[in-house]
Structures are given as C-alpha cells and as structure tokens.
1. Kindly provide the set of residues from the stretch 90-136 that are in a helix (DSSP H, G or I), of a type in the set (Val, Ile, Thr) and open to solvent by 10 Å² or more (accessible area, probe 1.4 Å), ordered by number.
2. Can you find a residue that is among the β-branched types (Val, Ile, Thr), out of contact with any strand residue (DSSP E or B) (no Cβ under 7 Å at 6 or more places or on another chain) and under 25 Å from Ala184 (Cβ atoms) anywhere in the stretch 126-134?
3. Quick one: what pairs do we get from the stretch 48-61, first residue within 15 Å of Arg38 (Cβ to Cβ), second of a type in the set (Ser, Thr, Tyr) and open to solvent by less than 40 Å² (accessible area, probe 1.4 Å), C-beta under 7 Å, 6+ apart or different chains?
4. Return the total of residues in the stretch 113-132 being within 14 Å of the chain's Cα centre (by Cα) and free of Cβ contacts under 8 Å to residues at least 60 places away in the same chain.
5. Inside the stretch 17-82, counting only helices (runs of 4 or more DSSP H) that do not spill past its ends, which hold 1 or more residues that are under 27 Å from Leu192 (Cβ atoms)?
6. Please return the ranges of helices (runs of 4 or more DSSP H) entirely within the stretch 141-205 where 2 or more residues are of a type in the set (A, V, I, L, M, F, W, C), crowded, with 20+ Cβ neighbours inside 10 Å and touching a residue at least 60 places away in the same chain (Cβ under 8 Å).
7. Taking the condition of a type in the set (D, E, K, R) and out of contact with any Gly (no Cβ under 7 Å at 6 or more places or on another chain), does Lys171 pass?
8. Do you know which residues across the stretch 150-173 are modelled with pLDDT under 90 and in contact with a strand residue (DSSP E or B) (Cβ under 9 Å, 6 or more places away or on another chain)?
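The values are calculated or read from the model by the stated rules, or taken from the named source; none is laboratory data. These numbers come from a predicted model, not from an experiment. Positions of Cβ are generated from backbone atoms using ideal geometry, with glycine treated the same way; all protein chains shown enter the neighbour counts. Only protein heavy atoms, including side chains, enter the accessible area calculation; ligands, DNA and RNA are left aside. Shrake-Rupley method; radii C 1.70, N 1.55, O 1.52, S 1.80 Å.
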Amino acid sequence: MSVKIAVIYYSSTGSVHGLAHAVAEGAEKAGAQVRVRRVAELAPQEAIDANPAWRAHVEETHAEVPVADHDDLRWADGYAFGTPTRFGNVAAQLKQFLDTTGQLWLDGTFTSKPFTGFTSTINLHGGSEATLIALYLQAFHWGSVIVPPGYNDTSVPDAYGNPYGVSHPTKAAGDVPDEKALAAAHFQGRYLAEITARLRAGAPV
C-alpha cells in the first residue's frame, strides 16, 4: 500500500536539512509518496547575516524547498519532523508552525497517524534526547502514534546510538551529516513508511 509521508523541518545552517532529505529517501525507497517541506524562517535578517553559513543556507533553500502549510499536514498519512536543538528544546520556527495546528487537531487530522522526529546538536550530549521528547509532546496531544527508530537497525547504534530519533552532533562529526547519520536517517524514514503502511492496512505493527 502506497502511503504519503510529510517530512517537515527547520534548519539554520543545513544539518537538519541534510537529515530531512535522507529521511525522505528512506521513505521513498519503502514505496511512500513524500513531500519535503521547510517551515518559514522567523529570525531577523541581521541575525542571519551575522552567520555566513546561516545566510548561505537560507539563500540555497529559498527556491529549492517549498514552505510547509496545513495542506501538507492534511495530505500526509505519517509525519517526520526535524529541528535543531535549542537549549534542549524545539526550535522556535518549527514550534511556531506546530502552534498553528489547533483547528486541524480539533478536526481529527492527526488521530492515529505515525509521527517521528530527528534533530542536530553541536555537542554529542547537547540535548538531543530532550529536544525529541519535547517534540513528541506534540504527538501526545495530537493523538498520533510515536514511531522512534529504537535499535531496530544497526545504523542506529552506529550513528551515535540515539533510539529517540537520529541526531547529528556537528562538533563531533562536522556540519554536514556524515554517512553514519545519513544511514540512520534513511532507516528512520523507511521504518516510518513501513509502520504507516501497516497501520493503514490494519496489519499488526
């Protein structure tokens, strides 16, 4: 059964952007239709300009990746959300988008739909687990089904071992997600698509 997966993320300098595309590729390999969307940038231009990598990423993705809207949420059978860690929490840009979904929640749009998350931090222990737990609070309120990768594939322990969701530590592995992180993200996307298909078909998960 072909399912529809929305990969929605915020990325300032590109780490989460790279993970998002790997998640999308994994879902597509599992036979899913995929939309990759970024949420709108909220930071003032002077803050972006103060970081050349941030400015470069904004310019590179402005035309490449569409901005997420509520239609993407209605369309999807399952969700993968990505965010950099902000002091152990979800980035304001993604949180603002999620905060606009009250009517969709009331309409039952998210009920029983699979939900997974991924992140990037500077340090290996820079709050990645806390960020993903904070992100998963959204799924609790939506009534969605949280689908963490667990240790269901060797790529997860190989990529810094986060069973909550793939997390890329830039200080340890470089600004661009390394092959280990990309492999774990690829698995997470495939796993999300497989679980979504099972739920849609009424099969055991």
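1. Passing the criteria: only Ile133.
2. yes
3. From the stretch 48-61, the pairs are Trp54/Ser12; His57/Ser11; His57/Ser12.
4. Going through the stretch 113-132 one residue at a time, the tally reaches 7.
5. 52-61, 70-75
6. 179-201
7. yes
8. If the condition is that a residue be modelled with pLDDT under 90 and in contact with a strand residue (DSSP E or B) (Cβ under 9 Å, 6 or more places away or on another chain), then Tyr160, Thr170, Lys171 are the ones that fit.
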